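Written out below as structure tokens is the structure these notes cover.
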Protein chains: 4
Amino acid sequence: MYYIGVIGAADCTPEVYRLAEEVGREVAKKGAVLLCGGRGGVMEAASLGVSQEGGVAIGILPGIDRREENPYLTYSIVTGLNDARNAIIARSSHGIIAVCGGYGTLSEIGLALKAGVPVVGLKTWDIKNPRGENIIPLAKQAEEAVEMILSLAGEGRVGNGDAG
Amino acid sequence: MYYIGVIGAADCTPEVYRLAEEVGREVAKKGAVLLCGGRGGVMEAASLGVSQEGGVAIGILPGIDRREENPYLTYSIVTGLNDARNAIIARSSHGIIAVCGGYGTLSEIGLALKAGVPVVGLKTWDIKNPRGENIIPLAKQAEEAVEMILSLAGEGRVGNGDAG
Amino acid sequence: MYYIGVIGAADCTPEVYRLAEEVGREVAKKGAVLLCGGRGGVMEAASLGVSQEGGVAIGILPGIDRREENPYLTYSIVTGLNDARNAIIARSSHGIIAVCGGYGTLSEIGLALKAGVPVVGLKTWDIKNPRGENIIPLAKQAEEAVEMILSLAGEGRVGNGDAG
Amino acid sequence: MYYIGVIGAADCTPEVYRLAEEVGREVAKKGAVLLCGGRGGVMEAASLGVSQEGGVAIGILPGIDRREENPYLTYSIVTGLNDARNAIIARSSHGIIAVCGGYGTLSEIGLALKAGVPVVGLKTWDIKNPRGENIIPLAKQAEEAVEMILSLAGEGRVGNGDAG
């Protein structure tokens, strides 16, 4: 079983919302578990997409009150860690899709790559290394992003364990 | 939906293992989600009990490698926080059952009570306040413990939110 | 150099405040660094005692705003982790003195003992193991508590490293 | 009193080491406290620079053993949180200087900006927002970087509190 993290900002445009929703649907169609930050915007949209396909979405919440969760999560974890919870999403995922997003998403990309977890970008930060290369592969569509991340997650699977 | 945390040591006697297994079965029979530390001993036994009843057990792992999980978890979260993950189990549960246990269990009791989350003990630490009263109610059997914690969780429900 | 954690509740009686203040003075007189939760009550009193002797008190704050610190800290660390910060105080100390205290203090005792860090109690929780023995030694006076914890910290020193 | 975080990779070239060392010296000359991840490379070099000027360097360590600290720290905090400790450095700093660095540094930049903490870059990631603008100002020399971050930290000071 794969855990795929979908990250992005709590505020997003309707266009990005629809894109994240489609990502959620594709994750669920592939039988993977969606991990996210559990709140609104991209996180909510991805959870909604998962729920439309009868999949499982787990939200890793930053605050101390479960009521900050979005209504489409299957399960939620209340961390009380504020932004330090981003490291948990990175560590718990076999691969991460960054959808659009702000500074929290930027931190998540860094934390995931540091932990050796692959990241695929979708209309997100365009970050180049000193040699001018993108540090993460970029997808153009939701389905493509999910296929890319599952492929990358499969290659890295040995090192990250398996829940079943 | 209720989240019930079951805490206890990673090493335990066969007798305690069977007790925790029964707690897991009762949690699942009541339709609650089991949260635990995800590893062996009491955590494994409770997860096994849940799996026997077709319920859901989520493990909140301390390390950075999912492979430390026990084989009976439905889902696992890889925190990399070491013992600081105990605070997440406390915050994420509507109520906690402490089964036997060592110092980690003691810390979990303190963290839960600090967060306003009720705790029921089962062959666990007998801790008295300065007035000589037990700080947590003690149960004698698995079924009794689960009924007690669900009753207490119900009373405290307003403050801790609800996943659906 | 030793780091001695002093833990206790944010609300305390004037008598306990004076006791914690004396503990802080003794810690500073011995040349140890005081670690605490950085807030009021026992934490503030111990920091005040340290400042009276020209010592160093470091507060590990739970919230996201440095302004919750008490005015007697030499330095403060802003964790944003809420109660999960208790695990940091436990891990960072060579020994801990529990002064009076509530559930947070109880959790700290458990976290420290789990991490192999010695704890001495001063008018705090009286916790017995199944054989009826106190799990931590109890002191009656501030100076005695500091001497006891420095002695215990010295024995455990090999395993916990040294800042200089 | 200002807390200035200096972040960068645990492995670095001799050139970057000398640059970080100079940053440490400048931070200490200005009377600010240096915060860092406490380990080698850029973290060690900045701590060394601070020690040369008689300043204070505090290391926020990721592991559970103080012995991973570099030898130039004044104080160290043992978090046991792995990469989640990056969020503590971000929250605890009035401003951050990113020196060269890898994915951990990238995450730190994101965490700091998310928390509203200014960041200045020195031979580090060149990250542009969708409008093609650098998301952090870039300095060319150590002294310039420290002057820039202290100026930015001063502007943001109201919101981040003050240790003295």
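What the table shows:
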{"item": "Shielding by partners, peptide A:96-107 (average Cβ within 10 angstrom, other chains)", "result": "4"}
{"item": "Relative exposure of A:R85, D:R67, D:R39, judged by other C-beta atoms within 10 Å (fewest first)", "result": "D:R67, D:R39, A:R85"}
{"item": "Residue-averaged beta-carbon neighbours from other chains (10 angstrom radius) around B:61-69", "result": "4"}
{"item": "Relative contact order (percent, whole number), segment A:3-154, Cα cutoff 8 Å, 6+ residue spacing", "result": "23"}
{"item": "Shielding by partners, peptide B:118-129 (average Cβ within 10 angstrom, other chains)", "result": "2"}
{"item": "Area projected by the alpha carbon convex hull of segment D:95-160, averaged over all directions, nm²", "result": "4.4"}
{"item": "Nm distances between copies for D:K29, ranked from closest, using label points 7 Å along Cα→Cβ", "result": "4.2, 6.1, 7.4"}
{"item": "Neighbour-count ranking [beta-carbon atoms within 10 angstrom, fewest first] of A:T124, B:T74, A:T79, D:T13", "result": "D:T13, B:T74, A:T124, A:T79"}
{"item": "Cα gyration tensor of chain B - equivalent ellipsoid semi-axes, whole Å, descending", "result": "21, 17, 17"}
{"item": "Value of D in µm² per second that Stokes-Einstein yields for the protein assembly as shown, Kirkwood Rh from Cα pairs, at 10 °C (1.306 mPa s)", "result": "64"}
{"item": "7 Å along Cα→Cβ, label-point gaps from B:E143 to other copies, nm, shortest first", "result": "5.3, 6.1, 8.0"}
{"item": "Estimated translational D of segment C:18-101 in µm²/s (Stokes, Kirkwood radius over Cα pairs; 10 °C; 1.306 mPa s)", "result": "129"}
{"item": "Proxy reagent accessibility, fewest Cβ within 10 Å first, across C:L150, A:L34", "result": "C:L150, A:L34"}
{"item": "Cα→Cβ-extended label distance, 7 Å offset, between A:E15 and C:M1, nm", "result": "5.4"}
{"item": "Helical mean residue ellipticity (222 nm; -39500 (n - 2.57) per DSSP H run of 4+; nearest 500) of chain A", "result": "-11500 deg cm²/dmol"}
{"item": "At R0 = 30 Å, FRET efficiency that the Cβ-Cβ distance of A:S151 and B:E53 yields, to 0.05", "result": "0.25"}
{"item": "Centre separation in Å (Cα based) which lies between segment B:102-144 and segment C:5-59", "result": "29"}
{"item": "Compactness of segment B:6-57 as Cα Rg over 2.2 N^0.38 Å, two decimals", "result": "0.96"}
{"item": "Using a 7 Å Cα-to-Cβ projection, C:E155 label spacings across copies, nm, ascending", "result": "4.2, 5.4, 5.7"}
{"item": "Sequence-separation-based contact order of segment B:29-86, relative, with Cα cut under 8 Å and 6+ spacing, percent", "result": "34"}
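Readers should treat all values here as calculations from the given coordinates under stated rules, not as data from a laboratory. The shown structure was predicted, so the numbers you read here are calculated from the model rather than taken from an experiment. Because the Cβ atoms are built from the backbone with ideal geometry, glycine has one as well, and the counts that use them run over all protein chains shown.
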